[in-house]
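**Student:** A single structure is presented below for examination.
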Amino acid sequence: MKKMNPVVRYFLKIISNTRTNIRDYGMYIALAVIFLVFSILTNGLFLGPINFTNLLNQTGYVAVLAVGMTLVIVTRQIDLSVGFLGAFLGAYIVVEVENLGTSVWYAIIVAILITVVIGFVKGILIARVNVPSFVVTLAGMFIFKGMLLLKTDSTTTPSSNNFFRTIGVGYLSDMKVGNFNLLTLIVGALAVITIVTLSIMKYRHNKKLELKQTELSMLITQIVVVVFIILFLTYNLAVYKGISYLVLITIMVVAIYHFFTTKTVLGRRIYAVGGNPEAAELSGINVYRIIIFVFVSMGVLTLIAGLMYVSMLRTANPNYGISWELYAIAATYIGGTSAQGGVGKVINAFVGAIVIMSIQNGMKLAGFPSNIEPIVLGGVLLLAVVFDIYTRNVRSIDLVGVSYAKQKYHDEFVEIKDKYIQAKQALKLADQTDNIKILELEFELTKAQGEYNQLKDRIRTAKEEDFLNVI
Amino acid sequence: MAKNNILEMRSITKTFPGVVALSDVTFHVEEGEIHFIVGENGAGKSTLMKILSGIHGPGTYSGDIVFEGEVVSFNGIKDSVNAGIVIINQELALFPDLTVYENVFVGHEIKTRYGLVDWKKTREETKRYLDLVGLKIDIDTHVGSLGVGQQQLVEIAKALSQNVKLLILDEPTAALNEDDSANLLQLLINLKKEGVTSIMISHKLKEATEVADSITVLRDGKTISRLEKNEIDEAIIIKHMVGREIEDIFPKRPKYEPQDVVLETINFNAYDKNKNRYVVTNSNIRLHRGEVVGISGLIGAGRTELAHSIFGNPKNYKTSGGIFINGKLVNLNTPQRAIDHGIAYVSEDRKGNGLILSETIGENITLSALQKISRYGILNEMKQSSEAEKYVRNLNIRTPSIFQRIRNLSGGNQQKVQIGKWLFSEPSILILDEPTRGIDVGSKFEIYTIINDLIARGMSILLISSELPEILGMCDRIYVLAEGVQTAEFTMAEATAEKIMEKATI
């Protein structure tokens with residue numbers, strides 16, 4: 001058999017990899033399509049530095065909520081109360097500072113205490129008293145809405161406090177090199193170096209343990225794509241104002257939670273409880289404490305999100321908080337978190353939040369009437385989940401192997417296919433009154449069909465490794 | 001005299017992605033017989049029955065099904081039930097919160113002229129079918145409050161109410177005690193007279209030798225043989241099933257020399273608040289270092305409950321009396337405490353509460369002792385991989401990699417992962433609860449070998465099992481429980497199957 005052209009092989013490998021891991025890549029592909037569509041509709045304005053910075057700033061509070069919601073949903077719970085709780089906590093801080101003259105930090109510390117206590121209460125009601133989280137947090141939704149109205153006295157309270165201005169519209173440093181923000185360039189460079197080093201370390205580790213892993217050319221392709229994305233981000237932020245505090249907070253929350261969920265004992269325990277609470281219990285994990293932790297963590301992130309939002313608009317308003325929880329839940333599901341529990345990535349929830357806010361931002365920018373946006377959003381959410389279900393059992397495919405197998409079984413395949421077609425024909429032409437004959441022909445047909453399907457399956461599942469010694 | 005074949009399956013071939021589950025399987029069942037299909041796990045029994053009952057519809061397999069002389073093709077359970085084929089799965093398809101009569105007619109309700117449910121007739125009919133299966137209970141009982149044996153009979157009553165001609169039972173006695181099993185088998189013999197043919201899928205060869213009129217043996221997706229009534233013999237069946245002769249299912253180990261007591265319960269009681277009764281009464285067991293002690297008894301005798309009480313009482317029973325480890329009274333009120341005291345518990349229900357199906361082999365193995373692969377609460381993934389690799393190798397877990405998810409493994413391999421998970425916590429006392437339930441003969445032998453290895457290394461094992469041969473073949477000493485009460489203690493020399501059964505059925 002002839003060895004395949006390396007360039008053709010390279011592209012076949014990329015397609016095979018993408019198809020095999022379509023569940024992981026699907027969302028990124030979707031995001032790329034959304035970016036492309038809006039860039040075309042807005043003549044490039046959408047991905048331009050100013051709008052792109054705005055988009056990331058707007059995404060912040062939803063992303064932070066979605067990160068917390070991922071853990072909630074991973075442990076098979078839900079939290080409907082985060083919208084109004086976030087708005088209430090934000091309003092609490094603003095009103096305390098503006099109307100009562102307390103210092104910002106004092107107000108924040110009290111708010112932290114409030115949200116931690118609320119998290120505890122939610123966790124205890126859910127894990128110990130066994131009230132469904134849907135009911136507990138639905139009640140919370142009403143209660144916090146009322147508290148928001150009480151705290152704001154149903155009126156808007158603007159604030160000119162410097163703290164909110166800095167968090168809401170401030171940027172980290174305005175030192176420039178030429179046209180570029182220096183700090184942003186440094187952060188971008190550091191990110192690239194970290195990614196490359198981590199990839200090399202993992203590759204070496206896997207090699208040492210002789211674990212099966214992606215081949216080098218694929219790994220390099222992956223790294224190149226990621227580096228390209230980082231460079232694009234860096235460029236876009238650097239030519240405008242650099243990194244805002246909102247983006248900094250978002251990135252930090254995502255990074256900390258990513259590390260925490262994937263690399264720590266507590267993170268592993270949370271996923272174990274989500275995957276099978278009884279097995280987790282029998283493995284020595286205190287399920288009750290884990291659930292409380294998850295709701296307290298959600299509470300703290302809700303406070304951060306609320307603070308980001310009121311800072312962004314520098315007001316406390318009784319109308320804030322509507323549908324935040326829905327956006328957060330949607331972002332989590334778009335990010336592929338499973339409602340059955342135990343499965344879901346924090347990073348993907350972040351990307352899910354970007355998808356949602358891109359649609360919101362892009363449609364506005366492209367001049368669509370604002371009432372169409374929820375319809376599109378609902379459609380995207382449905383599509384994402386349907387896609388997730390359809391790709392749940394995706395089989396791995398190796399197109400290089402398939403191509404070799406096609407060569408190898410070519411003659412056999414033609415023969416069996418012919419036999420199958422003939423059997424079909426024979427049955428069609430047979431005398432319909434001759435029952436015994438028909439039975440026999442049906443039997444022949446199913447047999448031929450079986451052989452045909454088996455061979456097709458053998459070709460479909462062929463791997464390149466199987467042919468290494470033949471070539 | 002040759003009878004008519006009620007069912008014939010010809011040249012059935014079925015492939016799943018990458019595997020041939022059935023290849024050219026042919027077998028037939030004669031009218032009015034009890035036909036057994038036996039084979040190791042993965043031999044294709046369940047797949048074959050799924051094709052027969054229409055779960056795998058036409059087009060997904062090749063070959064023919066001939067039922068009552070006609071080629072049939074079923075698209076889903078509804079079709080096969082209409083034709084008179086009813087399958088009763090291992091996991092019963094009943095609604096625990098509905099009453100018996102609602103369950104029997106759910107899906108094929110009797111209707112009045114106006115299209116409403118005719119409850120009067122439903123109740124009458126239900127009574128009639130319950131009499132037929134010999135179940136003497138109130139039809140208003142909620143199915144959830146019945147025992148497993150009784151639930152099975154309700155399922156059969158439901159099948160009869162659907163005018164069943166061919167009844168398929170998938171491992172019906174796996175969860176039943178000896179009495180209920182005997183009852184069920186007698187019922188099948190009775191139903192034969194009513195003209196119901198049955199197919200049984202079973203791991204219990206003793207049943208096959210007792211009641212089968214004929215047997216089909218499958219191995220690796222192929223038909224190996226059909227044995228007629230006069231040819232049925234346990235040794236022959238096993239030989240055909242495994243393709244080799246098993247000299248001795250239970251590997252030998254040296255005679256036990258008494259050592260220190262490592263675990264002891266003294267006047268121990270456990271009260272289940274939900275069930276409102278004592279699940280363990282006055283338990284006094286002793287386990288010595290390097291010893292295998294069997295806990296025998298029927299389902300509901302309190303064996304698992306005793307194990308749970310020792311392993312940190314996760315169900316929060318109210319307990320009294322004492323548990324002693326190495327001579328010291330200990331308070332084991334959470335599983336974590338039990339683990340800290342060197343106890344490990346391999347659950348009887350590996351999918352339900354033993355393993356996390358959505359996670360990988362590596363993640364499951366290390367879950368019982370995360371502190372071993374972490375420092376300051378941060379995991380060392382390199383260590384996780386290398387540790388998991390070690391257990392996969394030592395326990396001979398067959399998998400492409402440690403990153404394989406548990407749900408993709410066979411039962412025997414899942415069980416080995418569960419054992420590996422608990423060996424990882426380095427216990428000194430290992431409680432094995434039905435360690436070989438639902439796994440094939442080959443894997444069973446491997447698990448027995450593992451038990452002997454562990455004993456040789458000084459571990460002590462409590463072995464809970466419903467299979468008497470396993471208890472007799474593996475244990476140094478045996479306790480028998482009946483309804484929560486410890487009724488007997490036997491040494492290996494004293495114990496016989498008859499004696500144990502006698503004490504278990506007090």
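The values are calculated or read from the model by the stated rules, or taken from the named source; none is laboratory data. Please read all numbers here as calculations on a predicted model, not as lab measurements. Please note: Cβ atoms are built from the backbone with ideal geometry, for glycine as well, and neighbour counts cover all protein chains shown.
**Student:** Given (1) free of Cβ contacts under 8 Å to residues at least 12 places away in the same chain; (2) away from chain B (no Cβ under 14 Å); (3) touching a helix residue (DSSP H, G or I) at 6+ places or on another chain (Cβ under 6 Å), identify the lone condition not met by A:Val225.
**Tutor:** Of the numbered conditions (1) free of Cβ contacts under 8 Å to residues at least 12 places away in the same chain; (2) away from chain B (no Cβ under 14 Å); (3) touching a helix residue (DSSP H, G or I) at 6+ places or on another chain (Cβ under 6 Å), the odd one out for A:Val225 is (3).
**Student:** Continuing with the same structure: For B:Ile365, indicate whether it is out of contact with any strand residue (DSSP E or B) (no Cβ under 8 Å at 6 or more places or on another chain), more than 10 Å from chain A (Cβ to nearest Cβ) and either touching a residue at least 24 places away in the same chain (Cβ under 8 Å) or surrounded by fewer than 21 Cβ atoms within 10 Å (Cβ to Cβ) (or both).
**Tutor:** yes
**Student:** So for segment A:376-384 (the condition being more than 14 Å from chain B (Cβ to nearest Cβ), assigned to a helix (DSSP H, G or I) and closer than 30 Å to A:Met1 by Cα), does at least one residue qualify?
**Tutor:** Checked against the condition, which is being more than 14 Å from chain B (Cβ to nearest Cβ), assigned to a helix (DSSP H, G or I) and closer than 30 Å to A:Met1 by Cα, segment A:376-384 yields no hits at all.
**Student:** Here is a check on your reading of the model: is A:Met363 in contact with an Asp or Glu (Cβ under 6 Å, 6 or more places away or on another chain), part of a helix (DSSP H, G or I) and not polar (S, T, N, Q)?
**Tutor:** It is true that A:Met363 is in contact with an Asp or Glu (Cβ under 6 Å, 6 or more places away or on another chain), part of a helix (DSSP H, G or I) and not polar (S, T, N, Q).
**Student:** Tell me, which residue of segment A:389-444 that is touching a strand residue (DSSP E or B) at 6+ places or on another chain (Cβ under 7 Å) and among the hydrophobic types (A, V, I, L, M, F, W, C) is farthest from A:Gly335 (Cα to Cα)?
**Tutor:** In this case the residue turns out to be A:Leu439.
**Student:** If you don't mind, there's one more thing I want to ask. Counting only residues that are surrounded by fewer than 18 Cβ atoms within 10 Å (Cβ to Cβ) and either in contact with a Cys (Cβ under 9 Å, 6 or more places away or on another chain) or more than 7 Å from every other protein chain (Cβ to nearest Cβ) (or both), how many does segment B:373-398 have?
**Tutor:** 10
**Student:** While we're looking at this one, here's another question. Select from segment A:159-185 the residues that are assigned to a loop (DSSP other than H, G, I, E, B) and surrounded by 13 or more Cβ atoms within 10 Å (Cβ to Cβ) and list them in ascending order.
**Tutor:** Those that are assigned to a loop (DSSP other than H, G, I, E, B) and surrounded by 13 or more Cβ atoms within 10 Å (Cβ to Cβ): A:Ser159, A:Asn161, A:Gly170, A:Leu172, A:Ser173.
**Student:** Going by what's in this entry, would B:Lys444 be described as touching a residue at least 12 places away in the same chain (Cβ under 8 Å), more than 10 Å from chain A (Cβ to nearest Cβ) and surrounded by 19 or more Cβ atoms within 10 Å (Cβ to Cβ)?
**Tutor:** yes
**Student:** Among the numbered criteria (1) surrounded by fewer than 18 Cβ atoms within 10 Å (Cβ to Cβ); (2) within 14 Å of another protein chain (Cβ to nearest Cβ); (3) not in a loop (DSSP other than H, G, I, E, B), which single criterion is violated by B:Asp79?
**Tutor:** (2) is the only condition that B:Asp79 fails.
**Student:** Right, next: Consider only pairs whose beta carbons are under 7 Å apart and that are at least six residues apart or on different chains; among these, list those whose first residue lies in segment A:403-432 and is under 30 Å from A:Met4 (Cα atoms) and acidic (Asp, Glu) and whose second residue is modelled with pLDDT of 85 or more and crowded, with 17+ Cβ neighbours inside 10 Å.
**Tutor:** Note: pairs meeting the criteria are A:Glu412/A:Leu455.
**Student:** Given B:Tyr391, B:Tyr345, which one is within 14 Å of B:Leu423 (Cα to Cα), among the hydroxyl-bearing types (Ser, Thr, Tyr) and either touching a His at 6+ places or on another chain (Cβ under 9 Å) or in the same structural domain as B:Pro435 (by TED's automatic domain parsing) (or both)?
**Tutor:** None of the others qualify; the one that does is B:Tyr345.
**Student:** Now a separate question. Counting only residues that are crowded, with 20+ Cβ neighbours inside 10 Å, under 15 Å from the mean Cα position of the chain (by Cα) and among the aromatic types (Phe, Trp, Tyr), give me the helices (runs of 4 or more DSSP H) lying completely in segment A:276-350 with at least 1 of them.
**Tutor:** By residue number, A:324-334.
**Student:** Taking segment B:365-392, which residues are among the aliphatic types (A, V, I, L, M) and assigned to a strand (DSSP E or B)?
**Tutor:** Matches in segment B:365-392: B:Ile378, B:Leu379.
**Student:** Continuing with this model, one more query. For A:Asn393, work out the one condition from (1) assigned to a helix (DSSP H, G or I); (2) surrounded by fewer than 12 Cβ atoms within 10 Å (Cβ to Cβ) it doesn't fulfil.
**Tutor:** The one condition A:Asn393 does not meet is (1).
Residue-wise test of (1) buried (at least 21 other Cβ atoms within 10 Å of the Cβ); (2) under 27 Å from B:Asp79 (Cβ atoms).
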{"residue": "B:Ile137", "(1), (2)": "no, no"}
{"residue": "B:Lys165", "(1), (2)": "no, yes"}
{"residue": "B:Gln186", "(1), (2)": "no, no"}
{"residue": "B:His203", "(1), (2)": "yes, no"}
{"residue": "B:Ile215", "(1), (2)": "yes, no"}
{"residue": "B:Asp220", "(1), (2)": "no, no"}
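**Student:** Going through A:Gln425, A:Gln407 one at a time, which residue ends up being among the polar types (S, T, N, Q), surrounded by fewer than 16 Cβ atoms within 10 Å (Cβ to Cβ) and farther than 27 Å from B:Met9 by Cβ?
**Tutor:** When all the criteria are applied, what remains is A:Gln407.
**Student:** Here's something else I'd like to know. In segment A:272-295, what residues are charged (D, E, K, R) and more than 7 Å from chain B (Cβ to nearest Cβ)?
**Tutor:** Within segment A:272-295, just A:Arg289 meets the criteria.
**Student:** Still on this structure: Could you count how many residues in segment B:400-414 are surrounded by 17 or more Cβ atoms within 10 Å (Cβ to Cβ), within 14 Å of chain A (Cβ to nearest Cβ) and either part of a helix (DSSP H, G or I) or of a type in the set (A, V, I, L, M, F, W, C) (or both)?
**Tutor:** Qualifying residue count, segment B:400-414: 3.
**Student:** Given the conditions (1) without any contact (Cβ under 8 Å) to a residue 12 or more places away in the chain; (2) over 25 Å from B:Tyr256 (Cα atoms), report the number of the one that B:Arg457 does not fulfil.
**Tutor:** That leaves (2) as the condition not met.
**Student:** Here are some residues: B:Ser23, B:Ser11. Which one is part of a strand (DSSP E or B), over 28 Å from the mean Cα position of the chain (by Cα), among the polar types (S, T, N, Q) and within 14 Å of another protein chain (Cβ to nearest Cβ)?
**Tutor:** B:Ser11
**Student:** Against the conditions (1) at positive phi; (2) small (Gly, Ala, Ser); (3) outside the structural domain of A:Gly60 (by TED's automatic domain parsing), where does A:Gly101 fall short? Just the number, please.
**Tutor:** Result: A:Gly101 fails condition (3) only.
**Student:** Going through segment A:142-158 one residue at a time, which ones are assigned to a strand (DSSP E or B) and among the β-branched types (Val, Ile, Thr)?
**Tutor:** A:Thr157, the sole residue that qualifies.
**Student:** Which numbered condition trips up A:Ile375, out of (1) touching a residue at least 24 places away in the same chain (Cβ under 8 Å); (2) within 21 Å of A:Gly83 (Cβ to Cβ); (3) among the β-branched types (Val, Ile, Thr)?
**Tutor:** (1)
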